[in-house]
Amino acid sequence: MEIRLDHITKKYGKITALNDINLTFSGIGCTGLLGPNGAGKTTMLKLMTNIIRPTHGEVTINGINVSDYPERALSFLGSLIEQPEFYGYLTSREILNFTGKIKGLKNEEIKSEIDRLSKITQISGFLDRKTGGYSRGMKQRLALSVALMGNPEIVVLDEPTFGLDPKGMSEIHSLIKEISRDKLVILSTHLLYEARDLCNRVIIINSGTIGHDSKTEENREMLKITLESDYNNNLDGNIHPFRVNGNEIILEKPPDMHNDDIINMFSRNGMHVKYVEKYDDLEEIYISLTKDSGYGT
């Protein structure tokens with residue numbers, strides 16, 4: 001399972017929404033496209049799903065060009081792009097039945113899929129209610145069911161928790177974690193904590209370019225140590241400062257040490273610790289890259 005973007009540029013008139021993007025998404029797990037509103041995240045997902053076409057470059061899914069062979073390429077993919085809306089006079093069952101037919105499933109397969117998906121996405125209780133009376137959370141769960149119809153190996157989700165209350169967000173987060181166990185999930189979000197919690201890879205997009213790309217396990221547990229006086233550059237053991245600024249030290253916390261152990265180590269070397277705080281290096285990277293936001297969608 002793989003999606004490749006090779007030298008992708010997308011322009012809207014004089015505005016460049018994406019500029020020479022080269023990315024590969026592959027394997028099981030969730031990759032987060034993180035960036036502020038207008039960074040270019042939705043444009044990238046629309047290119048993957050052939051809703052729009054690139055100005056330059058190509059998108060391939062499992063080696064198949066999306067623009068040239070959309071039906072074959074998109075057969076591997078399910079998606080939820082932007083905010084879902086449905087014909088209010090249709091029920092969830094009718095919408096899922098229609099989706100199954102579009103995807104070429106037989107009647108028995110569609111029935112089986114509706115049963116499976118209604119349990120996974122917890123829509124059984126309103127499966128036969130018309131969607132005109134649905135809440136935002138109910139619509140999101142139905143939209144996820146549509147995306148998962150036919151059990152695609154790749155799932156693309158564009159801000160799937162937008163507009164939801166905390167309970168609704170928690171339910172969608174649990175579902176994304178579940179489907180990420182055996183699928184390639186690509187998730188766009190502007191919420192740092194959402195990307196950190198759900199994704200094993202995070203790509204930061206801003207002003208149509210890639211600013212950062214890392215596996216989340218590389219975002220180690222970091223600490224910010226504030227001393228009563230300046231750091232004296234005399235620290236033994238297996239602690240190595242990542243950055244020093246006067247009496248403030250950023251360091252990676254060794255997995256076998258507690259905060260008290262670190263405080264004692266500083267004390268043994270003539271430095272008294274004033275504060276110990278958890279330090280979020282991904283947050284700093286994000287803030288640094290997005291402090292001057294530009295154009296995109």
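Quick test of your reading of the structure: Lys183 fulfils all but one of (1) more than 14 Å from the chain's Cα centre (by Cα); (2) under 25 Å from Asn97 (Cβ atoms). Name the failing condition by number. Evaluating Lys183 over (1) more than 14 Å from the chain's Cα centre (by Cα); (2) under 25 Å from Asn97 (Cβ atoms) leaves (1) as the failure. Scanning segment 265-277 for residues being exposed (fewer than 14 other Cβ atoms within 10 Å of the Cβ) and either touching a strand residue (DSSP E or B) at 6+ places or on another chain (Cβ under 8 Å) or free of Cβ contacts under 8 Å to residues at least 24 places away in the same chain (or both) gives a total of 5. Taking Gly100 as the residue in question, decide whether it is at pLDDT 90 or above, buried (at least 21 other Cβ atoms within 10 Å of the Cβ) and in a helix (DSSP H, G or I). Answer is yes for this residue. Return the residues of segment 115-147 that are farther than 21 Å from Met44 by Cβ, hydrophobic (A, V, I, L, M, F, W, C) and not in a loop (DSSP other than H, G, I, E, B); say none if nothing qualifies. Passing the criteria: Leu117, Ile120, Phe126, Met138, Leu142.
There is no residue in segment 232-246 that is in contact with a Lys or Arg (Cβ under 7 Å, 6 or more places away or on another chain) and surrounded by fewer than 19 Cβ atoms within 10 Å (Cβ to Cβ).
Here is the figure for segment 28-39: residues that are farther than 14 Å from Val156 by Cα and out of contact with any His (no Cβ under 9 Å at 6 or more places or on another chain) total 1. Pairing each residue of segment 106-121 that is in the same structural domain as Arg141 (by TED's automatic domain parsing) with any residue that is in a helix (DSSP H, G or I) and basic (Lys, Arg), provided the two are 6+ apart or on different chains, yields C-beta distances under 8 Å for Ile110/Lys101; Ile114/Arg93; Thr121/Arg141. Quick check on my filter: what residues within segment 65-99 are over 22 Å from Leu184 (Cβ atoms) and of a type outside the set (Ser, Thr, Tyr)? Passing the criteria: Gln83, Glu85, Phe86, Gly88, Leu90, Arg93, Glu94, Ile95, Leu96, Asn97, Phe98. The test for being buried (at least 18 other Cβ atoms within 10 Å of the Cβ) and part of a helix (DSSP H, G or I) does not hold for Glu109. The condition of being in contact (Cβ under 8 Å) with a residue 40 or more places away in the chain and within 19 Å of Glu153 (Cα to Cα) holds for only one of Val59, Val66, that being Val59.
For segment 37-66, the set of residues classified as in a loop (DSSP other than H, G, I, E, B) and under 22 Å from Gly150 (Cα atoms) consists of Thr49, Asn50, Ile51, Asn62, Gly63, Val66, listed by residue number. Of all the residues in segment 128-185, those that are farther than 24 Å from Val202 by Cα, surrounded by 16 or more Cβ atoms within 10 Å (Cβ to Cβ) and among the hydroxyl-bearing types (Ser, Thr, Tyr) number 3.
Every condition in (1) part of a loop (DSSP other than H, G, I, E, B); (2) β-branched (Val, Ile, Thr); (3) in contact with a Lys or Arg (Cβ under 6 Å, 6 or more places away or on another chain) holds for Thr31 except the one numbered (1). For segment 77-90, the candidate set comprises residues that are surrounded by fewer than 18 Cβ atoms within 10 Å (Cβ to Cβ) and farther than 13 Å from Arg141 by Cα; within that set, the residue that is modelled with the lowest pLDDT is Glu82.
The values are calculated or read from the model by the stated rules, or taken from the named source; none is laboratory data. Bear in mind the structure is a predicted one, so any value in this text is a computation, not a measurement. With ideal geometry, Cβ positions are generated from the backbone for all residues, glycine too; neighbour counts draw on all protein chains shown.
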